Each structure stands twice: as C-alpha cells, then as structure tokens.
Amino acid sequence: MTRPLRIVAVSGGLQRPSRAATLAEHLLDLIGEGVPCDQHLIELGELAPQLAGALWRSQLPETVERQLAAVEQADVLVVATPVYRGSYTGLFKHFFDFIDQDALIDIPILLAATGGSERHALMIDHQLRPLFSFFQARTLPLGIYATDRDFADGRVHDEALIQRARLAVQRAMPLLALSHRAAPVPLVAAAAL
C-alpha cells in the first residue's frame, strides 16, 4: 500500500481572510477528492514577522524552518499569491529564496493567483512559471486566476472559476499519480531487472 501524497499549499496572501489562501484551500480540497493525501497549508502572512530581515536560512526560527522543510518534502505543491504590482508578493519570493534549489526538481506544481481585475491573469505565465522553472519543477498546464468578484462569503463562488479549477486538477491527476518519490533503485539491482 502506498502512502498518501504529501500536498503542500503556499499562500502568499498577507491579510486574513486571504483570497489567495481561500483559493489554495479550494484547490487542496479538489485534489483531496481525487487522491488520498495529507494536506498542509502555509500562510505566509502568518510567517511575515519571522521572515523579515533574514538573509540566510540559518537566521530563520524553527517555525519557518519546519514550513520550508514541508515544501521541500512535498510530493505536490499548490502555490497561490495575490498579484502585487504585476507580480507575486515580495514575501512570496523571499520565502522561496530559502528553498533549496534542487528540492523541487520534477515536483508537480499547480499555479494560482488572485487579483483585482482580469488584466493581471497572465502573471501566472509571465511570473510564476519562470520562478518554478528555475527550480526545475513541473508546473501543471492550467493555472488558476481569480478576481475579487469570484469570491463570496469567504469561499470560491464563481461557477466558471470552480469548473476551471476542477479541470486543472483533473488534468493534473495523471502527473500526481506519478509524483510519489520512489526509492532509488541501486544500479546493480536495476541491471538485474
């Protein structure tokens, strides 16, 4: 029996309630409907005071270190950030600056962003994809972009957004099924196969 997928969502939202966190939780729930998983949500707004001023990972408190380790050990990542001045938030980038550059190789990542209007929708392809390409991660084909009007009563409300999120997760399922990190097979054993 295989273990559940470790799915970590990172929300770059700085306020509470956060539309980015709401969107990340919605995506976590959709993935959880499709595969057995252990879910973990990291809200960077809660970590902001502990991240501020740190230049080196060794300067971070244990609470932040645990969250970085959760990201580095994830089988799948969901990232959601508000659009701030045409890009992800500075805190979002600062957090990922501490992630080991080899930790996310081949990890599937579902990209999401929130903004005040549709004009920032391409931020996913022009900002988030290049960031995670640096990590050699596998960004999933459909990104999810939501505007303020897509939310009501602290939940994702817009039916078109709900359907796009469902489609993004559905199309990601084959990659998620492959994302369990298998134990490396020794070369001698592999040759015998």
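For region 36-110, the Cβ-based charge dipole about the Cα centre amounts to some 380 debye (Lys, Arg positive; Asp, Glu negative; other atoms uncharged).
Please say if region 1-87 is rounded, prolate or oblate, where rounded means a/c under 1.5 for a ≥ b ≥ c the square roots of the C-alpha gyration tensor eigenvalues, and otherwise the choice is prolate for a/b larger than b/c and oblate otherwise? Walk me through the numbers before you get to the answer.
On the way: a/c = 2.56, a/b = 1.31, b/c = 1.95.
Note, shape of region 1-87 comes out oblate.
Taking label positions 7 Å along the Cα-Cβ direction at both SER117 and ARG166, the computed distance is 3.1 nm, reported to one decimal.
Keeping the other protein chains in place, figure out the carbon and sulfur percent of the accessible area of the chain, with a 1.4 Å probe.
On the way: 5540 of 10260 Å².
Answer for the chain is 54 percent, counting heavy atoms of protein chains only.
Using +1 on the beta carbon of Lys and Arg, -1 on that of Asp and Glu, and nothing else charged, what's the dipole of the chain about the Cα centre, debye to 20? Intermediate results must be reported in sequence, preceding the final value.
Details: 17 positive and 21 negative charges, 58 e Å.
Value, rounded to 20: 280 debye.
Sorting the segments 2-12, 158-168, 122-132 by their residues' average number of neighbouring beta-carbon atoms within 10 angstrom, most packed first, yields 2-12, 122-132, 158-168. Toward the positive end of the charge dipole of the chain, with +1 on the Cβ of Lys and Arg and -1 on the Cβ of Asp and Glu, the farthest Cα among ILE42, THR22, GLY116 is that of GLY116.
Region 45-74 and region 82-142 have Cα centres spaced 18 Å apart. Protein heavy-atom accessible surface, 1.4 Å probe, per residue over the chain: 53 Å². Taking every alpha-carbon pair in region 1-147 and binning the separations at 5 Å intervals from zero gives 2, 10, 20, 24, 22, 14, 6, 2, 0, 0 percent. Please list, in order, the residues from region 94-109 whose amide nitrogen is less than 17 Å from a point placed 7 Å along the Cα→Cβ vector of GLU65. Hits in region 94-109 for GLU65 at 17 Å: 98-100.
The values are calculated or read from the model by the stated rules, or taken from the named source; none is laboratory data. The structure displayed is predicted, hence computed values, not measured ones. Methodologically, a virtual Cβ is constructed for each residue, glycine included, from the backbone with ideal geometry; neighbour enumeration extends over all protein chains shown. Side chains are part of the model used for accessible areas, which takes the heavy atoms of the whole protein and leaves out ligands, DNA and RNA. Shrake-Rupley method; radii C 1.70, N 1.55, O 1.52, S 1.80 Å.
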